[in-house]
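The values are calculated or read from the model by the stated rules, or taken from the named source; none is laboratory data. These figures come from a predicted structure and were not determined experimentally. When we count neighbours, we look across all protein chains shown, and the Cβ atoms used for this are built from the backbone with ideal geometry, even at glycine. Only protein heavy atoms, including side chains, enter the accessible area calculation; ligands, DNA and RNA are left aside. Shrake-Rupley method; radii C 1.70, N 1.55, O 1.52, S 1.80 Å.
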Amino acid sequence: MYTALRLQKKLRSELRRGEVAITVIDPQSYMTYQPFLPEAAAGNLEPRHVVAPLRRVLKRCRILNGFVTRIDHASRTVTVRPAGAHSTGVPPRRVGYDLLVVALGSVSRTLPIPGLAECGIGFKTVEEAIFLRNHVLHQLDIAASNPDDEAVRRRALTFVFVGAGFAGIEALAELEDMARDAVRWYPNIDPGEMRWMMVEATDRILPEVGPEMGRWTAEALRRRGIEVKLETLLKSAENRRIVLSDGEEFDAGTLVWTAGVKPHPVVRESDLPLDDKGRIKATAELTVEGAEGVYAAGDNAAVPDLTDTGDFTAPNAQHAVRQAKRLADNIVADLRGKTRKPYVHSYVGSVAGLGLHKGVANVYGVKLRGILAWLMHRTYHLSRMPTVNRKFRITVDWTLALFFRREIVSLGELERPRQEFELAAGRRQDL
């Protein structure tokens, strides 16, 4: 979206004259600003305010909603399954191109752990964030409604997160903060009954903010009663029975998987060059090696890091947004016969929210924690949120939160919208 946004600005004259057409293909009609997902899950932000509608943002582009199933650069076409194809029987279509930008991003990197696929959930989409919010609140409802069944209560009030990167730590911290606030309205649930756990395979959390701030974050979470298990693996989750590598076993009503990402699987359904991690081989100018007219950026691309690391750029939003700008400028340079420029961006730092008025930050070597880091986290991400409309709506959400408590309503029935109608129609179901 950021690439198309810059292209429609830079190529305004060419678009007006009909010399250029920009087509954006995506399954969704919006872009999700993922750093705000934890706040949406915690009820601090309205979920619709953390997404940017493509048709409103990309006014001069063609938007095609559908799934790309194959990229065939030899014929300069992509195969697309249009939105609604399953229900309408519409066949896949092939879309031709002159220049191609592959910015498919990433998906959760899962492991063949028994039970994970059946009961785990990721944290990469706004739908997952909404589900988790409703699910956590529903677990409180279950515990409150079964006062005499200790096994049911323990299971409902046990929440396990696997993977201590930004997504995992922020999701855990925000949801725990929300649940602790919500139990004030559940007289028969003691906050101490809730068990929140972070399971991490390595010996540190939040590696992006450095070892010192990572240790501080771990201690801050432990002071809140959150268990942080380092150098520990999830071995099994069958029937929601959690088995850890340290030998501990227990039941948990919630299992959130945030243990890394991998390139979108569609890149494998292409004739583009890939590295050993399944990423598209890109140059520093964000072109694809050996594929004329193809560009790549973001999580699905192995982009050389031209700073002093000698490695590839990390799969995070900070690089993706900046790469989009350079990529668009290089496309404009190619169209106008000018010289491309390489992508160079030294690491600025990282910020993370740990719940209301809590955060950690390491920016340009300056280390902050607590409310100052939390304010920096909000300010930075608000500045990066696309469109003035969304910036204003988010600011209003935060302002209202200063005067009113957040909602504690679980709308779990959103996942089964036809249940009530089927009941009225006489269809039997397990209530």
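Per-structure values
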{"item": "Residue list for region 303-332, restricted to those being within 27 Å of A21 (Cβ to Cβ), under 18 Å from the mean Cα position of the chain (by Cα) and among the small types (G, A, S)", "result": "A320, A324"}
{"item": "Inter-residue pairs, beta-carbon under 8 Å, first of a type in the set (D, E, K, R) and in region 99-112, second in a strand (DSSP E or B) and at pLDDT below 90, 6+ apart", "result": "R109/V261; R109/K262"}
{"item": "Yes/no for D311 being under 27 Å from A352 (Cα atoms) and without any contact (Cβ under 8 Å) to a residue 40 or more places away in the chain", "result": "yes"}
{"item": "Region 100-119, residues that are in a loop (DSSP other than H, G, I, E, B), among the hydrophobic types (A, V, I, L, M, F, W, C) and surrounded by fewer than 15 Cβ atoms within 10 Å (Cβ to Cβ)", "result": "L111"}
{"item": "Tally of residues being under 30 Å from G260 (Cβ atoms) and either open to solvent by 10 Å² or more (accessible area, probe 1.4 Å) or modelled with pLDDT under 95 (or both) across region 183-205", "result": "8"}
{"item": "Inter-residue pairs, beta-carbon under 6 Å, first under 15 Å from P207 (Cα atoms) and in region 344-356, second of a type outside the set (S, T, N, Q) and assigned to a strand (DSSP E or B), 6+ apart", "result": "G349/V363; V351/A361; A352/V360; G353/G359"}
{"item": "Residue list for region 245-259, filter: surrounded by fewer than 17 Cβ atoms within 10 Å (Cβ to Cβ) and either in a loop (DSSP other than H, G, I, E, B) or in contact (Cβ under 8 Å) with a residue 60 or more places away in the chain (or both)", "result": "S245, D246, G247, E248, F250, D251"}
{"item": "Candidates V363, V321 - the one that is closer than 24 Å to F36 by Cβ, of a type outside the set (K, R) and in contact (Cβ under 8 Å) with a residue 40 or more places away in the chain", "result": "V321"}
{"item": "Single condition I22 does not satisfy, out of (1) surrounded by fewer than 19 Cβ atoms within 10 Å (Cβ to Cβ); (2) in contact with a Leu (Cβ under 6 Å, 6 or more places away or on another chain); (3) over 30 Å from T395 (Cα atoms)", "result": "(1)"}
{"item": "Matching residues, region 67-80, being in a loop (DSSP other than H, G, I, E, B) and either open to solvent by less than 10 Å² (accessible area, probe 1.4 Å) or of a type outside the set (A, V, I, L, M) (or both)", "result": "H73, S75, R76"}
{"item": "V90 being more than 26 Å from R241 (Cβ to Cβ) and part of a strand (DSSP E or B)", "result": "no"}
{"item": "Those strands (runs of 3 or more DSSP E) lying entirely in region 283-391 with at least 3 residues at pLDDT 90 or above, in contact with a strand residue (DSSP E or B) (Cβ under 7 Å, 6 or more places away or on another chain) and within 27 Å of K124 (Cα to Cα)", "result": "291-296"}
{"item": "Scan of region 362-403 for residues that are surrounded by fewer than 12 Cβ atoms within 10 Å (Cβ to Cβ) and closer than 19 Å to A317 by Cα, ordered by number", "result": "Y364, T379, S383"}
{"item": "Considering residues of region 36-66 that are outside any helix (DSSP H, G or I) and closer than 25 Å to L132 by Cα only, the residue most open to solvent (accessible area, probe 1.4 Å)", "result": "E46"}
{"item": "Segments classed as strands (runs of 3 or more DSSP E), wholly inside region 125-244, with at least 3 members that are within 22 Å of the chain's Cα centre (by Cα) and farther than 18 Å from V360 by Cα", "result": "158-162, 195-199"}
{"item": "Per-region count, region 120-148, residues open to solvent by less than 20 Å² (accessible area, probe 1.4 Å), closer than 22 Å to V243 by Cα and not aliphatic (A, V, I, L, M)", "result": "3"}
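One line per residue, one yes/no per condition, for (1) touching a residue at least 12 places away in the same chain (Cβ under 8 Å); (2) over 12 Å from V102 (Cβ atoms); (3) open to solvent by 10 Å² or more (accessible area, probe 1.4 Å); (4) over 23 Å from the mean Cα position of the chain (by Cα):
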site: V266; (1), (2), (3), (4): yes, no, yes, no
site: S270; (1), (2), (3), (4): yes, no, yes, yes
site: L274; (1), (2), (3), (4): no, no, yes, yes
site: G278; (1), (2), (3), (4): yes, yes, no, no
site: A284; (1), (2), (3), (4): yes, yes, yes, yes
site: E289; (1), (2), (3), (4): yes, yes, yes, yes
site: G298; (1), (2), (3), (4): yes, no, yes, no
site: A301; (1), (2), (3), (4): yes, no, no, no
